[in-house]
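> Structure below; questions to follow.
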Amino acid sequence: MSEDFIKKGKAFKFGDNISTDHIAPGRLFHLRNNLEEFSKHVLEDADPEFASKVQKGDFVVAGNNFGLGSSREHAPQIIKLAGVGAVIAKSFARIFYRNAINIGLLAIECDTDKINSGDELELDIKKGILKNLTNNTELEITPLPDVMIKLLKDGGLVNHLNKNGDFNLET
């Protein structure tokens, strides 16, 4: 995550209850050892063209309960590998949210009703604001605890542990 905590990109909007099977289709489970290839199929059961359209830094935007279902950590991993800058949703399934933070994928909660597919967004983590540059609105985001910001800044839990030698979040 950049030092300035600002990300810009295009919104790809999804609805409520996007499951881990929508994100990482179970029929492609054989690709779990080839995450780069698996990422070419990310979210294809929700939008068959998503993986071919998403650009580095773009945002997945969704409604309630994003990431419900199984606890497969491949789901946030292939979203991140596809180049998504952040997932922004009204709410997340608990296990998906934790897996996302642990692998260094930014997961932000806010009201997404005023965001449409194709809107240009600017996310400022420090200020706690999501700007919709297309319709000139600002949305407040649920602030991230400092511990999560530190994990994200280090690229996830494993990278944080490798960098600091233990789970010291004071560094």
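> Output the residue which, of all residues in the range 33-56 that are among the small types (Gly, Ala, Ser) and in contact with a His (Cβ under 8 Å, 6 or more places away or on another chain), is farthest from Gln77 (Cα to Cα).
Residue satisfying both the conditions and the ranking: Ala46.
> Hey, does the range 154-169 have a residue that's over 20 Å from Lys10 (Cα atoms), of a type in the set (Gly, Ala, Ser) and over 17 Å from the mean Cα position of the chain (by Cα)?
Checked the range 154-169: at least one residue is over 20 Å from Lys10 (Cα atoms), of a type in the set (Gly, Ala, Ser) and over 17 Å from the mean Cα position of the chain (by Cα).
> Another question about this same structure. Hey, does the range 15-27 have a residue that's buried (at least 22 other Cβ atoms within 10 Å of the Cβ), on the phi < 0 side of the Ramachandran plot, touching a Lys or Arg at 6+ places or on another chain (Cβ under 7 Å) and not in a loop (DSSP other than H, G, I, E, B)?
yes
> Using the structure shown, decide if Ser117 is modelled with pLDDT of 95 or more, hydroxyl-bearing (Ser, Thr, Tyr) and within 14 Å of the chain's Cα centre (by Cα).
no
> Here is a further query. Condition check: among the aromatic types (Phe, Trp, Tyr), on the phi < 0 side of the Ramachandran plot and outside any helix (DSSP H, G or I). Does Phe38 satisfy that?
No: the conditions fail for Phe38.
> With the structure loaded, tell me whether Lys163 is of a type outside the set (Val, Ile, Thr), loosely packed, with under 15 Cβ neighbours inside 10 Å and touching an Asp or Glu at 6+ places or on another chain (Cβ under 6 Å) or whether it fails that test.
yes
> A follow-up question, please. Within the group Asp47, Asp124, Asp111, Asp58, which residue is closer than 13 Å to Gly9 by Cα, at pLDDT 95 or above and of a type outside the set (S, T, N, Q)?
On inspection, the qualifying residue turns out to be Asp58.
> Looking only at the range 96-105, decide whether some residue is of a type in the set (Ser, Thr, Tyr) and either out of contact with any strand residue (DSSP E or B) (no Cβ under 6 Å at 6 or more places or on another chain) or in a loop (DSSP other than H, G, I, E, B) (or both).
The answer is no; no qualifying residue exists.
> Among the residues of the range 143-153, which ones are exposed (fewer than 15 other Cβ atoms within 10 Å of the Cβ) and either under 21 Å from Lys10 (Cα atoms) or of a type outside the set (Val, Ile, Thr) (or both)?
Matches in the range 143-153: Pro143, Pro145, Asp146.
> I need the full set of residues from the range 46-82 which are part of a loop (DSSP other than H, G, I, E, B), farther than 26 Å from Asp113 by Cβ and either free of Cβ contacts under 8 Å to residues at least 24 places away in the same chain or among the charged types (D, E, K, R) (or both), in order please.
Matches in the range 46-82: Lys56, Arg72, Glu73.
> Can you tell which of Glu122, Glu140 is exposed (fewer than 14 other Cβ atoms within 10 Å of the Cβ) and in contact (Cβ under 8 Å) with a residue 24 or more places away in the chain?
Only one candidate passes the filter, namely Glu140.
The values are calculated or read from the model by the stated rules, or taken from the named source; none is laboratory data. Given the structure is predicted, the values throughout are model-derived calculations rather than measurements. Cβ coordinates were reconstructed from backbone atoms using ideal geometry, including for glycine residues, and neighbour counts include every protein chain displayed.
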